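Undergrad: Here it is, the structure, as structure tokens.
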Ligand code: ADE
């Protein structure tokens, strides 16, 4: 079965957008995944096609109506059942690679993109929506967040990445360097604008290269992401500064 993404949005013309290009675009044309978008407004029932209303209790902004959102989710489920429904929101669980792997292992996703102040809490509960955030900042809508999540998923689908192994060594992969960020990369020319490539990379000494890369990955992680570094120390059962 093809991995199937359904996007529920007030701006269906935004999709596939950038996901129609490059790696994800080729995979889409090759039939490794499929995407459809549902215009939430087409599930409104009044003649003004209303999708939102003022919040009970007062306050600024508008809230998306539960009945309209629920009808859109029902339509997506009819197009492909048994898929988890995700609501993109800054108050969701932070997206990480483990979550992405989990989504990729399933039949696909239904992605609800909010606008305005968000969606009525009751439809989140009634549909058991998984709330997911792509980071601690606020976008004007869930659409770019849905694209981010889909891009992260699609590249892990079988046959999408050129070299099957290319996903395994990178940051956050389970087989690679646990929770380490990636080491720096270099290619030709060996000297550019007076900057030389680290000599060890030209040495042809594979064990030395591996040691240098590990040390660099540790140094960068320790410097930039103390949270990941702490997890690395824990999982690697070590208690030390990065390798020199
Ligand atoms: N919608 C608005 N901001 C968002 C974020 N940071 N993550 C997911 N969905 C969002």
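Undergrad: Rounded to the nearest 0.05, what FRET efficiency do residue 202 and residue 39 have when you use their Cβ-Cβ distance and R0 = 35 Å?
TA: So, using R0 = 35 Å, E works out to roughly 0.05.
Undergrad: Which log10 I(q)/I(0) values, to two decimals, does region 37-185 give at q = 0.14, 0.20 Å⁻¹ under the Debye formula with one point per Cα?
TA: Debye intensities relative to I(0), on a log10 scale: -0.75, -1.28.
Undergrad: A follow-up question, please. Just order 199-208, 124-133 by mean Cβ neighbour count inside 10 Å, highest at the front, would you?
TA: Highest mean packing first, the order is 124-133, 199-208.
Undergrad: Mind pulling the angle between the C-alpha long axis of helix 66-79 and the longest principal axis of the chain? Nearest 10 degrees, somewhere in 0 to 90.
TA: Tilt relative to the chain: about 60 degrees.
Undergrad: Return one number: the angle in degrees, 0 to 90 and rounded to the nearest 10, between the long axis of the Cα atoms of helix 206-224 and the longest principal axis of the Cα atoms of the chain.
TA: 50 degrees
Undergrad: Report, in deg cm²/dmol and to the nearest 500, the calculated mean residue ellipticity at 222 nm for the chain, where each DSSP H run with n ≥ 4 adds -39500 (n - 2.57) and the sum is divided by the residue count.
TA: Helix contribution divided over all residues of the chain: -10000 deg cm²/dmol.
Undergrad: Using a Förster distance of 30 angstrom, determine the FRET efficiency expected from the C-beta separation of residue 26 and residue 233, and round it to 0.05.
TA: Taking R0 as 30 Å, the efficiency between residue 26 and residue 233 is 0.15.
Undergrad: Moving on to the next point. For residue 190 and residue 56 in one chain, what is 0.36 nm times their gap in residues minus the Cα-Cα distance, to one decimal in nm?
TA: 41.8 nm
Undergrad: For the chain, take the longest principal axis of its alpha carbons; what is the angle in degrees between that and the long axis of helix 226-236, to the nearest 10 within 0 to 90?
TA: Between the helix axis and the principal axis of the chain, the angle is about 70 degrees.
Undergrad: By how many nm would the segment from residue 170 to residue 13 lengthen if fully extended, with 0.36 nm per residue of separation less the alpha-carbon distance?
TA: The span from residue 170 to residue 13 would gain 53.2 nm if fully extended.
Undergrad: Right, here's the next one. Counting DSSP beta bridges with both partners in the chain, what percentage is antiparallel, nearest 5?
TA: Just about 15 percent of them are antiparallel.
Undergrad: A further question follows. Need the C-alpha centroid separation for region 81-116 versus region 50-70, integer Å.
TA: The two parts, judged by their Cα centres, are 22 Å apart.
Undergrad: What is the order of 220, 35, fewest Cβ neighbours within 10 Å to most?
TA: 220, 35
The numbers here are math on the coordinates, done by the rules we state, and not lab data. Given the structure is predicted, the values throughout are model-derived calculations rather than measurements. Please note: Cβ atoms are built from the backbone with ideal geometry, for glycine as well, and neighbour counts cover all protein chains shown.
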